[in-house]
Amino acid sequence: MNLSTKTLEGEEVYFQVSGLPDRCPQCHTAVHPKLISQHVSEGQDEVYLTLLCTSRRCLRPFVATYRRGFNHRDAYRLTSTGPRTVVHGSFPESIKKVSPTFCEIYEQVESAKADALKQLVGIGLRKALEFLVKDFSKSEHPSDAEKIEGMRLGKCIDSYITDQNVLQCAKRAAWLGNDETHYVRKWSDKDVSDLTLLVHLTQNWVENFMLTKKYIEDMPDGA
Ligand SMILES: [Zn+2]
C-alpha cells in the first residue's frame, strides 16, 4: 500500500506499508479499518497510521506502528497496534485450576501474536507448554513436586505423563518448541502454527484426562 505524508517542515515523504492490520486492538474484531491519517517519525524509521475500527459496536480509533526494514526500499512492516485491551482467553476450569501460569503465559502469547511479534510467539508457547506439563505432572504426583520442577521438559514428559494422547502431543510440541529457541531448526517443514496446534491438543487431552478421572472417581464401577 503506497502512502505519503508531510513532515513538520512541509517536505513530502512517500512510503509503502505492508498492509493494514486486520484486527482491532480494542474490540478484537476482525475488521477492515478506515485510514484516517499517517505520520512519519523523525529520521523516518517508523510510520504511524491512525485508523478507525469499522465495527458498529466499537468505532474507536487506534494507531498502527510500522518499522522500516533493513533494506530501505522494502515496505514498512507492521510491528504493533494500540491502545490494546487485553482479552482473557476462555480456558476450561480444570486447566485454570491445574496451571494458572500456563493460562497467563498463553494470554501473553496471544498479545504477541496480535502485535505481529512472531519470533516471541514460539518462545512463549514453549514456556507455556513447560508449565502445563509440569503443573499437570505435579498434580498427578504431588510428592515429586520439587523433582518435577527442576527436570528438563522432555524428561518430565517421559517420566510422568502416562496418558498416551497427552504424551504423544506434548512430546511433539516439545520438539517443535525447542526448535523455536535454537539457532538451527530441526523440523524445517513445521512452523509456529504446528506448535500452536500441538500445544492446544496437549491442553485438550490434559482436560479430557482430568475430567474422565473425576467422573470415574465420582461414580465408581457398580456403585
Ligand atoms: Zn474495534
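The values are calculated or read from the model by the stated rules, or taken from the named source; none is laboratory data. Since this is a predicted model, take the numbers as computed values, not measurements. Cβ coordinates were reconstructed from backbone atoms using ideal geometry, including for glycine residues, and neighbour counts include every protein chain displayed. Side chains are part of the model used for accessible areas, which takes the heavy atoms of the whole protein and leaves out ligands, DNA and RNA. Shrake-Rupley method; radii C 1.70, N 1.55, O 1.52, S 1.80 Å.
Structure values in brief
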| item | result |
| --- | --- |
| Total residues in segment 81-97, condition in a loop (DSSP other than H, G, I, E, B), open to solvent by less than 80 Å² (accessible area, probe 1.4 Å) and not β-branched (Val, Ile, Thr) | 4 |
| All strands (runs of 3 or more DSSP E) inside segment 1-54 with 1 or more residues being open to solvent by less than 30 Å² (accessible area, probe 1.4 Å) and of a type in the set (S, T, N, Q) | 2-6 |
| Odd one out for residue 78, checked against (1) in contact with a Pro (Cβ under 7 Å, 6 or more places away or on another chain); (2) away from the ligand (no atom under 16 Å from the Cβ); (3) outside any strand (DSSP E or B) | (3) |
| Test set (1) touching a residue at least 24 places away in the same chain (Cβ under 8 Å); (2) within 13 Å of the ligand (Cβ to nearest atom); (3) not hydrophobic (A, V, I, L, M, F, W, C) - residue 39 fails condition number | (2) |
| Residue check, residue 66 modelled with pLDDT of 90 or more and out of contact with any helix residue (DSSP H, G or I) (no Cβ under 9 Å at 6 or more places or on another chain) | yes |
| Residue tally, condition closer than 17 Å to residue 111 by Cβ and either of a type in the set (Asp, Glu) or at pLDDT below 90 (or both), over segment 6-22 | 1 |
| Counted residues, segment 135-160 - those being touching a Lys or Arg at 6+ places or on another chain (Cβ under 8 Å) and open to solvent by less than 50 Å² (accessible area, probe 1.4 Å) | 8 |
| Tabulated pairs, segment 44-68, first assigned by TED's automatic domain parsing to the domain that holds residue 32, second within 13 Å of the ligand (Cβ to nearest atom) and charged (D, E, K, R), C-beta under 6 angstrom, 6+ apart or interchain | 52/34; 53/60; 54/34 |
| Complete set of residues in segment 165-189 that are modelled with pLDDT under 95, over 14 Å from residue 121 (Cβ atoms) and open to solvent by less than 80 Å² (accessible area, probe 1.4 Å) | 178 |
| Among (1) under 20 Å from residue 118 (Cα atoms); (2) within 16 Å of the ligand (Cβ to nearest atom); (3) outside any loop (DSSP other than H, G, I, E, B); (4) open to solvent by less than 50 Å² (accessible area, probe 1.4 Å), the one test that residue 63 misses | (4) |
